[in-house]
Structures are given as structure tokens and as C-alpha cells.
Amino acid sequence: MELRHLRYFVAVAEERGITRAAARLHVSQPPLSRQMRDLEAEMQIPLFTRGAREVTLTPAGRRFLRDARDILRRVETAMGRARNAAPSTVGGIRVGFSPTPATEILPAGLKRFQKSHPRVPVMLMDLESRELLAGVRSRKLDVAFMIEPPMGSGRVLRFEPLQELPIGILVGREHPLARRRSVTVEEVLGESIVAFTRAGYPDYHLWLRRLVRHARRPAHIVSWVDGATSLMAAVEAGQGIAFGPPVYAVVAGRRAKYLPIVPGVPPVRLGCVLRTGRASPEVTSFVESLRAACAVTPATG
């Protein structure tokens, strides 16, 4: 058994399907299915109950999932400690970011930082929300620029807000709502919705729970996607509509139309996730550069 077997197993368990897990892991479906059967054969117990549309965990599989997650967390911690103990060979800061919300702000903030710190290299990593949080926790990242996530228990991480973003919807050009200039939340919640996966985007689902409570109506989610590119494609193909900030109008271009929700719904906060305690002067300056960029870039698109 190798670590990749554990990572594959956790992905299949969380996504409840080989197809979705394969897309998340960026591997093809047949080898992933074969790896899971090999894992069950090696352990000599069934871990999954395979249905027509999804797979579920057996009691043994649920027990193994808890242990597999724990093992992977311990490995990440050990790797982080080893990196921290090694002498630094390259200076600079490591910045993770959510690509779509950062589309307008990150380039402007990075330009400001490079003017004041021309000798400090910045390594940029485009990651999903869950990976951003894990990266800051394990010290693989110095800072994550993202939508405010659920921080969970403990005080390992802190969120520094920089800007509030209103939320509207993205609709396909052929959708009936595309003829409108705005929509109400009641109209939106009556539509089929394309949403980000719960496992990969806890920040999105934190906001969605707030919206449902605010509107006192459930959301009709028909499709789950693992990134902004997939979201745009699903909306363009007519699978449903999608929630997002105004920058989606820039990203979508002519592929889809962005509409504000009137009256407004709860906004989201864009900001930085850092480890608690004092950040380095370079990281502090980078966050301030993002703050300055937010101050001169309107959040209304």
C-alpha cells in the first residue's frame, strides 16, 4: 500500500463516485477504479458498496477513512516540519490564491508589492479552497488570497478581510433570464443551480447556507463542479445557473451573462488567510499591497 492509494481512497469516499474523484485527482477513471479494487484485495475487505450512480462506504470503509485522513495529515505535518528545519535556499514568499475571485485584485496587488520589494520573489499557486487552507496550516504557503472560509476550531489560522463582494448569478446566453437586467433571489432559487463541490470549496457552502437561511428557501442544485472553468462550461451548456461575484462577468466574457440579484443577498468577503501570530515583514507588506489594490478596484465589477 502506498500513500497515493490513501489519497485516491479519500477522494473516492468524499466524492462518492469514481468519475468525480478522477476529475478531482486529474487521473483517468479506469486506473482509479482498478486502484480501489486492488486496495480492497490487499486489505481483504470491501471498502465500498457500488451503486448505479454512486459508491458508499461500508462500515469498514468508514473506519478506514478516518484513519486514512489521519495518516495523510501526519505525513503533511512531517513534511512541513522537515521543510522548516532545512536551511532556506531561496528567499521570497509563497502565495496561494483562488483564481476567479483574484482575477482583478491579485495582479494589481502583486505589481504594488514588486515595486516596493523588487528583490523578493513571489511564488504563486492556483489552488482550490481546501488546498489553500491545508497549505497555510502546513506552512507550504505563507498566505492564501481567497473568499472567507469556515475557519473551524482552534486558532491555527486567521482571516484578514480586505473587500466585500456582492453576489449575482451567471446564466447562459440562451437562458430566459439572460434577457433580464437583474433577478430576485426568489427567481434564482427556483432555477436549477450549478454549484462547487462541498469537499473542495467549504467557503462557497458556508455562503450558500447563509443564503438559504436568508431567503428561507432551499437551493435546487443539479450539478457539482470542481473549478471555475467547469462552472462556466456547465452554465454555457445550459445545465443551470451559478452564483458568483461580479468578476465572473470578466471571466465569462461572451460565453455567459452576469446579472445582479436585487435586492442584494449576503455578500462574501475576500481576504487573506494566514497562520496566527506575527507574519514576516514581507508577508505583511504583501497583504497591505492587496489591501491597497482592493481600495482602488471597485467590488461591483
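The values are calculated or read from the model by the stated rules, or taken from the named source; none is laboratory data. Owing to the predicted nature of the structure, the values given are computational and were not obtained by experimental measurement. A quick note on method: Cβ atoms are made from the backbone with ideal geometry, for glycine too, and the neighbour counts reach across all protein chains shown.
Tally up the residues in region 7-47 that are more than 21 Å from the chain's Cα centre (by Cα) and not acidic (D, E), please. Summing the residues that are more than 21 Å from the chain's Cα centre (by Cα) and not acidic (D, E) in region 7-47 gives 17. When region 143-198 is filtered for residues that are over 30 Å from A22 (Cα atoms) and of a type in the set (G, A, S), the ones remaining, listed by number, are S153, G154, G168, A178, S182, G190. Among what's in region 252-301 and is assigned to a loop (DSSP other than H, G, I, E, B) and among the charged types (D, E, K, R), pick the residue that is nearest to E174 (Cα to Cα). Residue satisfying both the conditions and the ranking: R255. Scan region 233-259 for residues that are in contact with a Lys or Arg (Cβ under 9 Å, 6 or more places away or on another chain) and under 22 Å from G17 (Cα atoms) and jot them down. Passing the criteria: only A233. Residue pairs whose Cβ atoms lie under 8 Å apart, sitting 6 or more positions apart in sequence or on different chains, and linking a residue in region 126-139 that is not assigned by TED's automatic domain parsing to the domain that holds P99 to a partner that is crowded, with 22+ Cβ neighbours inside 10 Å and hydrophobic (A, V, I, L, M, F, W, C), do not occur here.
Being polar (S, T, N, Q) and without any contact (Cβ under 8 Å) to a residue 12 or more places away in the chain is a description that applies to T284. For E15, state whether it is among the acidic types (D, E) and free of Cβ contacts under 8 Å to residues at least 60 places away in the same chain. Criteria not met by E15.
A249 - would you say it is assigned to a helix (DSSP H, G or I) and at pLDDT below 85? Yes, satisfied.
Matching residues to (1) surrounded by 15 or more Cβ atoms within 10 Å (Cβ to Cβ); (2) in contact with a Ser or Thr (Cβ under 9 Å, 6 or more places away or on another chain); (3) among the hydroxyl-bearing types (S, T, Y); (4) without any contact (Cβ under 8 Å) to a residue 40 or more places away in the chain:
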| site | (1), (2), (3), (4) |
| --- | --- |
| D203 | yes, yes, no, no |
| R213 | no, no, no, yes |
| I221 | no, yes, no, yes |
| W224 | yes, yes, no, no |
| A233 | yes, no, no, yes |
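Apart from one condition, T229 fits all of (1) modelled with pLDDT under 85; (2) touching a Ser or Thr at 6+ places or on another chain (Cβ under 8 Å); the exception is (2). Looking only at residues of region 52-69 that are more than 24 Å from the chain's Cα centre (by Cα) and of a type outside the set (D, E, K, R), we find that the one that is modelled with the lowest pLDDT is A52. For E2, indicate whether it is without any contact (Cβ under 8 Å) to a residue 24 or more places away in the chain and not β-branched (V, I, T). Yes; evaluated as a whole, the condition is true for this residue. One residue stands out among those in region 18-74 that are small (G, A, S) and free of Cβ contacts under 8 Å to residues at least 40 places away in the same chain: the one that is farthest from L231 (Cα to Cα), which is A41. Among residues of region 159-172 being of a type outside the set (D, E) and touching a Cys at 6+ places or on another chain (Cβ under 9 Å), the one that is nearest to V188 (Cα to Cα) is Q163.
Restricting attention to region 23-39, the residues being in contact with a helix residue (DSSP H, G or I) (Cβ under 9 Å, 6 or more places away or on another chain) and either among the hydroxyl-bearing types (S, T, Y) or within 18 Å of E2 (Cβ to Cβ) (or both) number 10. Of the residues L141, L177, the single one that is over 18 Å from the mean Cα position of the chain (by Cα) and of a type in the set (A, V, I, L, M) is L177.
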